[in-house]
Structure formats: C-alpha cells, structure tokens
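The values are calculated or read from the model by the stated rules, or taken from the named source; none is laboratory data. Note that the coordinates shown come from a computational prediction; the quantities given were computed from them, not determined experimentally. Positions of Cβ are generated from backbone atoms using ideal geometry, with glycine treated the same way; all protein chains shown enter the neighbour counts.
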Amino acid sequence: MTAISADGGQKTSTFVRILQGLAAILGGFILILAVWFYDPLPENPKFASLSADAARYDAEVIRDKWGVPHIFGKRDADTSFGLAYAHAEDDFETIQEVVAATRGVLARYRGADAASTDYVVSLLNVWPTMKESYAAGVPADVKAIADAYAAGINLYAAEHPDATWAGLAPFRGEDVVAGFIFKTPFFYGLDKVLQGLFEGDINRDVASAASQAISLAPTDKTHAFTMAPKVDAELGSNAIAVSAERGGDDITRLLINSHQPLTGPVAWYEAHLSSEEGLNITGGLFPGTPLILHGFNDAIGWANTVNHIDLSDVYVLTRNPDNPLQYKLDDQWVDFEVEEITLPVKLFGPFAYPAKRQLLRSKHGGPVVEREGATFALRYTGMGEVRQLEQYYRLNQAQGLEDFMAAMSMNALPSINYVYADKDNNVAFIHNAQYPNRAEGWDWTKDLPGDRSDLIWQGYRSFAQVPKLINPQTGRCSTPTTRRIAPLMGLTT
C-alpha cells in the first residue's frame, strides 16, 4: 500500500493550478493571435450582379478542329468580351493568377512564395500610376475593350463560382491595363536588375564623368526577397520577313517564332478576332490580354522578339547620418517619400499574416532599395506609362505600313523587337524601345552617383532615333535565329 501525505496532496493541487493557469494564458495568447491573423476572404458577388455587364455585349465563338477560338462581334468590344470568355474556358486558373499578381495580392492565395511578386507590384508603383493616369491617359475606346474583357471574365466566373477564387471577383478593366504596366518592363530584364540589387554582389562600380570606377563596398549582404533563380540555358526567339522579290514568287513572307513557355502568365494563346468595326486579326496573346499581341490581319503581319537593352539605371544615394529619411541631392538634404504597405500572406484557411514594409522613393523616380551599408535608387523605362494597351490596339487596327509606323511612333512600349511584312511588299525591322535621353560623357553601364539631379534623365529619345530598317535592298529583315524554325505564313501581294 502506498501512502500519500497531506502535504504531498497540497503540492500536487498547487502544481495542477499552475498548469491550468499557464494553459489559460496560452489559450488567451492563441486567441489573440487568431483574432490578429483572422482575415477571411470576402465572398464573390452573386450571379446576377457579376454577370450584369454581359448584357451589353454580343459575341459568337466558333472553335476550329484544333480548338482555336474564332470570335465574331459587331464591335471590337464584343470580340474582346468573347475572347475573355473563350480564354477562361481554356485557362481560367492562369487568368485569375495574373489578376491576383497584378493587384499585388497573390500571396493571399499562394502563400509566402508569392510575397516577392506582391512586393514588386508596390515597388513599381503600379496602382498609384493607375490612379494618377488612367482617367485621362487611357482613351475611351481602349477602356471599352478592357471593360468588355473584364465583363467576359465576370460572366464565366458567375457561371463557375466554385472555380473562382474567393474575393477576386469582380474583375475590372483597370486590371487589364495595370497588367501591362506590371509586366512589360520585365521583357527587357528589369527583374534581373532588381534581383541584382536585392541579392547580388554589393561591391558595385559607380561611374564618374571620366568613366572611372569607384568601389562601393558595404560590410554586409542582406537578402530582401527571393526572385526566380537565373537560368543558364540559352533562350531566345526569332522572326524573319522576306520580300516578294527576294522570295521570287510574288509572296511576302513573315516567320513568327517567339519562344515562350507552354504554360503560365506569358504562354501564347492563339485566337482570331473579327468585328464589323474592322478587326480581322489572328495571332497570339497572353492571359489577361484583350487583343492580339503579334500576328496578322488581311493586310499586314508582325512578329515580336525580346531585346535586352540597357533601359534602367541604378543611382547610389548618400544618406543623411543625422536623418535616415533624407538623402543628398545637389548639396542639399532631401526627404524621401515614405509609404507603409501591408502584404497579406496566406497562412492557412482564413488566416493571413499582415507583412508590413516601408517603401522609400526619391526624385530619381523609381523605388529605393536599401541594403546593409548602401542605398540605391532605380530609374527605368516604362515608369508612369499607361498607354501600352492603346498602342497594341492601334497595331491591331493598322492596315498598312503607314498605320503601323504611326502606331509604333506612340513609343508606349518599353522594349521588344518588331519584324513586319505586308501585302504591299513592305518588310521592316524596328529595334523598338523607350531609349532614355541620357546625358553624354558618362558610362551608363555602371551605377551613377545619386547626388546629381543632372543625371536623372528626363523622357526618351524620339521615335525617329529608334533603330529601324525598312525595305532594305536585301529584301530581308530578321532577328537572330536560335534553335528552331516554324512554318512560314504567306501574305499574297
């Protein structure tokens, strides 16, 4: 028989009460955390509300034996509406992912791995640019096709509520325009520039007027966020335009061979758009895009390939040692613009972590990146630009070389080569870009001193200065061939 003393029983009772108290404290702490992180996504609108705008459009979608949608409508907006619905039938998931990424909320759905994408949306000032420039900077006819595209996505979402991400609908025309602001700078490699600032070697060369290198060597390396790793494989696209004389058979030829991934937000989707307002164009587009990005109509065709041009500049800033929210410019201390952002990051179920970050901006125009011991400001082509969709619309409407060049002269697209051919036997190559109007006498391949306002370039060189080749004597325009050849598309003269 085992005896338990009265004193032992009292000690056991006290220990139990302590455990109960600790459990209560822990439970209260967990409850506080649950309340703090509880952030359920709102429900999407009901069918009647979400599908209401669809009544404004009328489109017919006919798929050929390969499943390619041929979309017919009275107005251009009708074809955009039909395209959105057809593309949603084929890849609604990617379209939603594009919209979530463009809005800077992808991490709310995908978790921490997507937080860097949301952060970059804020870095590139996508939605403040929209707020400032959308009303006056985007023409009514361009807004009409963007709104029509959104209406097509909303109709599909209304009919497929279980496939629609919670809280993402309704889709808006602004999402379409903002998608171009967000994505187009990455085609000339701005993502690699950002990755270099956040994760690359902190020992950087700063140019002087005599192009002498100055070593900048802070003591530590800090990783701010992780982007996609660099791929060493050789990648590239090619395009060739051949005149009728060069071909010898009265046919102008255009080869379109852009190398894009087979899936994801920049995978080509083939479609044919035809409206009574004059559109009759076939080609490729990306998820979230209401028009053809490259292809051909009855009169002309064009192909795009990526051109990696130096279209961004990094400035090394001098911080005020007595006020870290100031930097030196023209021998004066200037205040940074300061913005506090919150990135909701999915944890599980209805819970999300509100990751808070401080963003700094300087008069250099782009984001400021802070590393241990160094501060950089970025300026790049495409900042503040909202006319990308408008230029693509004008290209879709073009009926000859004059129309095409007029559309290209808008110079709203920050990069991308264009190879052109038409039924009138014109061929052309445009090494297109928004070329910064930089000061002479500096090595712009290096970082620049950030304390001189005269090095903050303003505007771009005129379209007349953009390198181009029109109807050369050789009868052939092309960009470099890399790995494979696609069938030629004939345009009969």
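Observations, loosely collected:
- Residue list for segment 236-253, filter: part of a strand (DSSP E or B) and among the hydroxyl-bearing types (Ser, Thr, Tyr): Thr252
- The residues of segment 387-429 that are more than 24 Å from Ala271 (Cβ to Cβ) and of a type in the set (A, V, I, L, M, F, W, C), listed by number, are Leu401, Met405, Ala406, Val427, Ala428, Phe429.
- If the condition is being under 20 Å from the mean Cα position of the chain (by Cα) and at positive phi, then segment 363-403 contributes Gly365, Gly382, Gly384.
- Subset tally (residues that are more than 23 Å from Leu41 (Cβ to Cβ) and in contact (Cβ under 8 Å) with a residue 24 or more places away in the chain) for segment 112-131: 4
- Residue match in segment 367-386 (condition: outside any strand (DSSP E or B) and free of Cβ contacts under 8 Å to residues at least 24 places away in the same chain): no
- The residue of segment 105-148 that is surrounded by the fewest Cβ atoms within 10 Å (Cβ to Cβ), among those that are among the hydroxyl-bearing types (Ser, Thr, Tyr) and closer than 30 Å to Arg75 by Cα, is Ser133.
- Options Thr117, Thr129: the member that is within 21 Å of Tyr392 (Cβ to Cβ), assigned to a helix (DSSP H, G or I) and polar (S, T, N, Q): Thr129
- Selected residue (criterion: surrounded by the fewest Cβ atoms within 10 Å (Cβ to Cβ)) from residues of segment 377-403 that are of a type in the set (Gly, Ala, Ser) and more than 28 Å from Gln458 (Cα to Cα): Gly400
- Qualifying residue in segment 102-111 (condition: in a loop (DSSP other than H, G, I, E, B), within 22 Å of Gly349 (Cα to Cα) and without any contact (Cβ under 8 Å) to a residue 24 or more places away in the chain): yes
- Within segment 55-101, if we keep just the residues that are outside any helix (DSSP H, G or I) and of a type in the set (Phe, Trp, Tyr), the residue that is nearest to Val120 (Cα to Cα) turns out to be Tyr57.
- Residue in segment 420-436 that is closer than 30 Å to Ala377 by Cβ and of a type in the set (Val, Ile, Thr) present: no
- Residue under evaluation Val68, criteria (1) surrounded by fewer than 19 Cβ atoms within 10 Å (Cβ to Cβ); (2) under 18 Å from Val142 (Cα atoms), criterion not met: (2)
- Restricting attention to segment 58-92, the residues that are under 19 Å from His160 (Cα atoms) and among the aromatic types (Phe, Trp, Tyr) total 3.
- Total residues in segment 100-130, condition basic (Lys, Arg) and within 13 Å of the chain's Cα centre (by Cα): 1
- Residue match in segment 434-457 (condition: surrounded by fewer than 19 Cβ atoms within 10 Å (Cβ to Cβ) and within 30 Å of Ile251 (Cβ to Cβ)): no
- Strands (runs of 3 or more DSSP E) contained entirely in segment 254-359, each with at least 3 residues that are touching a residue at least 12 places away in the same chain (Cβ under 8 Å) and closer than 30 Å to Asp403 by Cβ: 269-275, 280-285, 294-296, 300-305
- Only one of Asp335, Asp331, Asp313 that is among the acidic types (Asp, Glu), buried (at least 18 other Cβ atoms within 10 Å of the Cβ) and modelled with pLDDT of 95 or more: Asp313
- Sole residue being closer than 25 Å to Leu279 by Cβ and crowded, with 19+ Cβ neighbours inside 10 Å, chosen from Ala374, Ala352, Ala412, Ala406: Ala412
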